[in-house]
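S.K.: I'd like to ask some things about the structure below.
The values are calculated or read from the model by the stated rules, or taken from the named source; none is laboratory data. A quick note: this is a predicted structure, and the numbers were derived from the prediction, not measured. Positions of Cβ are backbone-derived with ideal geometry, glycine not excepted, and every protein chain shown enters the neighbour counts.
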Amino acid sequence: MKARANVIAQKLLNLYRQAHVIEGGWGAVNRVFVDEATDEVLKEILDLPTGKLLVQHIKNLRDGTTSMNSIARELLPYGGMMDSITGAGDVSQDEIDSLISAIDEFEPNQESLEKFMDLPIIKTFGSDWITGIKHALNTQPDKLRKFDMIVRAQQAYRVLDQATEIINAPINDRVRAQLQVEMPEYETYLPMFGDDGKKILQQLHKITSSMPTQE
């Protein structure tokens, strides 16, 4: 049961962090919080980064302090920064021109990706660069389509780096639990790296298969 609580706790924390991009927003994820956060899961959440905020949010939902389609502003993940997107009007035309040029020149390899991620507009939008750039390109569907390919490449290399770190680091129950929650992402992106990616994916599956099953 310990490992199962770990898995659910990490899943709920991931939903909490990603609510701003989930269809239905807080109304969609709050019901999951209330339904799945047992006392044991709540204890596990408290041990996770920003877990105290999520636990308080769940308590507010259960006692009616917060409605089922909202969250108290002081409990927003990332201090609420993800709810306020930098608009296209906050970037210069030079940044837009450099962005479009980089999109046109992009090739699906690590060197091209690193060059793209060094663009000034990435720094302007910060951690919300994907949503910010989509807003900036909302009148150019052809550029948006190729930008989606760039985002996919960035996510693939990020997942590859994460997988390599997991394999090379000491493994414990919490790592296994988090890996189990995130396995669909690894299964999506690692095969893009051919046989090497598939070998890494097999190693990750071996790690999760060693999770304890006893209650």
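S.K.: Quick one: which of 179, 137 is within 28 Å of residue 10 (Cα to Cα), crowded, with 18+ Cβ neighbours inside 10 Å and modelled with pLDDT under 90?
M.R.: 179
S.K.: For the subset of the stretch 114-129 comprising residues that are aliphatic (A, V, I, L, M) and buried (at least 17 other Cβ atoms within 10 Å of the Cβ), which member is nearest to the chain's Cα centre (by Cα)?
M.R.: Among them, the one singled out is 122.
S.K.: Follow-up. Go through the stretch 89-120 and count every residue that is touching a helix residue (DSSP H, G or I) at 6+ places or on another chain (Cβ under 6 Å) and either among the aromatic types (Phe, Trp, Tyr) or closer than 23 Å to residue 18 by Cβ (or both).
M.R.: Total meeting the criteria: 3.
S.K.: Just give me the residues in the stretch 16-54 being of a type in the set (A, V, I, L, M, F, W, C) and either within 12 Å of residue 76 (Cα to Cα) or in contact with a Cys (Cβ under 9 Å, 6 or more places away or on another chain) (or both), in sequence order.
M.R.: Of the stretch 16-54, the ones of a type in the set (A, V, I, L, M, F, W, C) are 19, 21-22, 26, 28-29, 32-34, 37, 41-42, 45-46, 48, 53-54.
Hits for the stretch 16-54 are 19, 26, 53, 54.
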